[in-house]
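A quick write-up on the structure given underneath.
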Amino acid sequence: MATQVFSLPKTLKGDVKYSFCPGCDHGVAVRLVAEVLDELGIIDNTILSAAIGCSVTTYDFINVDALEAPHGRAVAEAVGIKRARPDKIVFTYQGDGDFASIGLAEGIHAALRGEKITAICINNTTYGMTGGQLGPTTLVGQVTTTSPTGRNLEYYGYPIKLAEHIALCDGTAFSARVSLDSVPNIKKAKQAIKKAFEVQMKGLGFGFVEILSTCPTNWKMSPDKAHARVRDEMMPVFKPGIYKDVTAE
Amino acid sequence: MVECLTDKKVLTKGNYAIANAAVLAGCQCYFGYPITPQSEIGEFLSGKMQELKRGYVSAESELASINMVMGAASTGVKAMTSSSSCAVSLMQEGLSYACADELPFVLVSVMRGGPGLGNIYPSQGDYIQATRGGGNGDYKLIVLAPSTVQECVDLTYKAFYLSQKYRNPTVLLADGLLGQMMEPVEFYDYPYPEIDNSSWALSGTKDHKARIIRSYGPLADDRCRFLEKLFQKYKTIEENETEWEEINTEDADIILVSFGSTSRNVKTAMKKLREKGIKAGFFRPITLYPFPSKRLAELSKTAKKFVTVEVNMGQMVDDVRLAVNGACPVELINKGVGIPPSAEEIVSRIEVL
Amino acid sequence: MQEKNFIIAGFGGQGVLLAGEVLANAFMLLGKHVTWYPSYGAEMRGGTVNCEIVVSDEEVSEVNKADTDYVVALNQASFDKFLNKIKKGGMIIANSTLVKEIKSRADINYLFAPITKLAEEVGNIKMANILALGLVAKASKLVNLEVLEKALDNVIPPHRKNLLPLNIQALKIGYEYDLLHV
């Protein structure tokens, strides 16, 4: 008799068309979040505060209640949801444009207040949905449609290191940066995401995971080359690791 | 005032009256950022909401507070934020989203001088901001304008009710004068029925399929249908909820139109004009949206002239002109910012019109 | 009763807003319509602070009226600022400890009393506001001591109730100040 060894997480909808580009890591990241919600048994008690950018359509794919926030305000809306319904598990799923750029104030202040929510932020070094412009995480030297000769310091300054910044906030319970470039790293990523939800469930404070991801379309690369870029160019600058974990030892 | 008082007349500021009424209305969450002349609202609620174990956040900005209130509203609870003029400007994006998302909550807007940073004195310069909005797209906010501290209580209750009933943000449009002024008021139990939000509120998928509260609709046809439905709702609001006060209008040659705190001096001016033998009437829109256009149009058949009195450079006068639609002249008596013109001043300015 | 209005003015810190609130509260207890409106904002820092109280049997006709029946001036700046706002036949009650006794208008009544000095004699200079309230209440004949005491009790917050007896003492000294000796 056949044994099923692989299936769609319950949190994911099986009957919808996924809108992420081929090879984009968003698909993997959403799946990891879904697996974590499955494993923690919190699918029916969770509310998503959805962001603007490529991440916006996430609410179409997952079986949780969702509120679409204006650009940059996903954390603020998550805070509102959580303060109204402290019994719910509340999370955001945002890009770096949403969290690190227009919504940085909300992210930092939620972390400082120790809001019991979880924020997941995709870092792909560009504004993906609008066609690959320079964002707050664009690497020095990186060519984008608004940095045609590469990110230079004179005009653009430096990219932000989110996981480190969020870890500095006293209300943060967990802050990590992970990568999806390889199977071992994907496994680590899932553990970090799980931890970021667990600290919320335990009421310990703000949980944050920055996920290094590919954007093959705007990077104009094949998926495997894009993963190589994550390894060779992004990870030396955005070093994966756990920057804060109040549950450690 | 730190106590939550009921069943007894108390002397209190408009700001405290609003805050206390919000608590009594069952407001479960308040989010705000300080700005004169409405900071007492957040000050009062910071203590009270914590004492009652309700939601309170001293938000990092008005951008954050309007979005926090939207988040809370999405779960079906009564929620509120408050601010003033230049900072209400920061909330316009959120208000557009909230109308599109059909999120019910109350925004208390205590007007001060503008444009820009302006000043902290009373003003009615945000009539257009409240009734037209600075956000994108087609939407309407329900707007209620109190003229006394007692009405700050009455209309706070009503604002919560209408927002819940119609799933639409509702603005309580007060001003620095009402916010800072003390008058005796009576608090009483929330007089409206509670609205069941369980058919749409976000609560987790234990008893329903996953819900999405969203304004993004990639298909133009879907969007058209949504807008038609939204504006059908606004039509219902216009039919059912338009509210105004009128005195001595039936035989009036000249009808003075004014809203909010300014209307108090205007009412006295009308009485003084009557004493002088001038047939003056008084008309006060209480709901600024929906605006009592129909009634003004009726009155334009018998009145010879309308005069709007406003503390701004002339904003509501446009709505009166639209309502009257050329049937008779509509004049403006105004003052840019500050305490409303005195009754005597209004009378003498009307006499030279 | 005809509509009457009062302006109570002084330095920031002299408690004029509180004194006005007590007066307004007393009128409320008498079942009157009343408004209390403060000067607020930037001008509170260092300059004069004032509040206006309007009392009426009917709806209060206006806020911030063009002229006033009574002015209480606790300092010279307030005296100078509001002297010309007083109605013909109206009254100014001035703190002669800090205000020069000059009667430049012949069409109004003056009551100069050493309010700060009297408050010092009560034992707390901060009682000047309430002492002045006693003076203006008596002069206006609109509210009696008993109601004012009740209003004081309403206005003084629970954690300051220990100061109630001293406030009542100051109120009485103001109220019982012999107006005929002025």
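The values are calculated or read from the model by the stated rules, or taken from the named source; none is laboratory data. All of these numbers come straight from a predicted model, not from anything done at the bench. Cβ placement follows ideal geometry from the backbone for every residue including glycine, while neighbour counts extend to all protein chains displayed.
Points to keep in mind about this one:
- Those helices (runs of 4 or more DSSP H) of the stretch B:272-353 in which 1 or more residues are farther than 29 Å from B:Lys233 by Cα occupy B:343-351.
- Among residues of the stretch B:162-216 being small (Gly, Ala, Ser) and part of a loop (DSSP other than H, G, I, E, B), the one that is surrounded by the fewest Cβ atoms within 10 Å (Cβ to Cβ) is B:Ser199.
- The stretch B:50-63: number of residues that are hydrophobic (A, V, I, L, M, F, W, C) and surrounded by fewer than 23 Cβ atoms within 10 Å (Cβ to Cβ): 1
- Matching residues, the stretch A:27-71, being within 15 Å of the chain's Cα centre (by Cα), within 20 Å of B:Ile66 (Cβ to Cβ) and facing another protein chain (nearest Cβ under 8 Å): A:Ser49, A:Ala50, A:Val56
- Pair list, Cβ under 6 Å, 6 or more apart: the stretch B:321-344 residue within 19 Å of B:Asp253 (Cβ to Cβ) and within 14 Å of chain C (Cβ to nearest Cβ), other residue of a type outside the set (A, V, I, L, M, F, W, C) and surrounded by fewer than 21 Cβ atoms within 10 Å (Cβ to Cβ): B:Ala343/B:Lys272
- Residue tally, condition out of contact with any Cys (no Cβ under 9 Å at 6 or more places or on another chain) and closer than 17 Å to B:Tyr139 by Cα, over the stretch B:166-200: 4
- Residue check, B:Glu250 surrounded by fewer than 24 Cβ atoms within 10 Å (Cβ to Cβ), within 14 Å of chain C (Cβ to nearest Cβ) and within 30 Å of B:Pro341 (Cα to Cα): no
- Tally, over the stretch C:170-182, of residues that are part of a helix (DSSP H, G or I) and buried (at least 16 other Cβ atoms within 10 Å of the Cβ): 6
- Unmet requirement for C:Lys87, which otherwise passes all of (1) in a strand (DSSP E or B); (2) touching a residue at least 40 places away in the same chain (Cβ under 8 Å); (3) of a type in the set (D, E, K, R): (2)
Residues are listed down the side, and each one gets a yes or a no for (1) modelled with pLDDT under 95; (2) surrounded by fewer than 24 Cβ atoms within 10 Å (Cβ to Cβ); (3) within 14 Å of chain B (Cβ to nearest Cβ):
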{"site": "C:Gly20", "(1), (2), (3)": "no, no, yes"}
{"site": "C:Ala24", "(1), (2), (3)": "no, no, yes"}
{"site": "C:Tyr40", "(1), (2), (3)": "yes, yes, yes"}
{"site": "C:Arg45", "(1), (2), (3)": "yes, yes, yes"}
{"site": "C:Val49", "(1), (2), (3)": "yes, no, yes"}
{"site": "C:Met91", "(1), (2), (3)": "no, yes, no"}
{"site": "C:Ala106", "(1), (2), (3)": "no, yes, no"}
{"site": "C:Val122", "(1), (2), (3)": "yes, yes, no"}
{"site": "C:Leu133", "(1), (2), (3)": "no, no, no"}
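- Residue list for the stretch A:83-106, filter: more than 8 Å from every other protein chain (Cβ to nearest Cβ), touching an Asp or Glu at 6+ places or on another chain (Cβ under 9 Å) and of a type outside the set (A, V, I, L, M, F, W, C): A:Thr92, A:Asp96
- Single match in A:Arg83, A:Arg73 (criterion: surrounded by 24 or more Cβ atoms within 10 Å (Cβ to Cβ), touching a strand residue (DSSP E or B) at 6+ places or on another chain (Cβ under 6 Å) and either under 24 Å from A:Pro216 (Cβ atoms) or among the basic types (Lys, Arg) (or both)): A:Arg83
- Test: residue in the stretch B:30-48 that is facing chain A (nearest Cβ under 7 Å), crowded, with 24+ Cβ neighbours inside 10 Å and touching a residue at least 40 places away in the same chain (Cβ under 8 Å): yes
- Matching entry among C:Thr116, C:Thr97 (being at pLDDT 95 or above and touching a Pro at 6+ places or on another chain (Cβ under 8 Å)): C:Thr97
- Flag for B:Lys235 being in a loop (DSSP other than H, G, I, E, B), surrounded by fewer than 24 Cβ atoms within 10 Å (Cβ to Cβ) and not hydroxyl-bearing (Ser, Thr, Tyr): no
- Residue match in the stretch A:86-101 (condition: under 22 Å from B:Lys53 (Cβ atoms), touching a residue at least 24 places away in the same chain (Cβ under 8 Å) and assigned to a helix (DSSP H, G or I)): no
- Residue that is nearest to B:Lys165 (Cα to Cα), among those in the stretch B:64-94 that are surrounded by fewer than 24 Cβ atoms within 10 Å (Cβ to Cβ) and more than 7 Å from chain A (Cβ to nearest Cβ): B:Gly76
- Scanning the stretch B:139-153 for residues that are polar (S, T, N, Q) and over 12 Å from the mean Cα position of the chain (by Cα), we see that the one that is surrounded by the fewest Cβ atoms within 10 Å (Cβ to Cβ) is B:Gln150.
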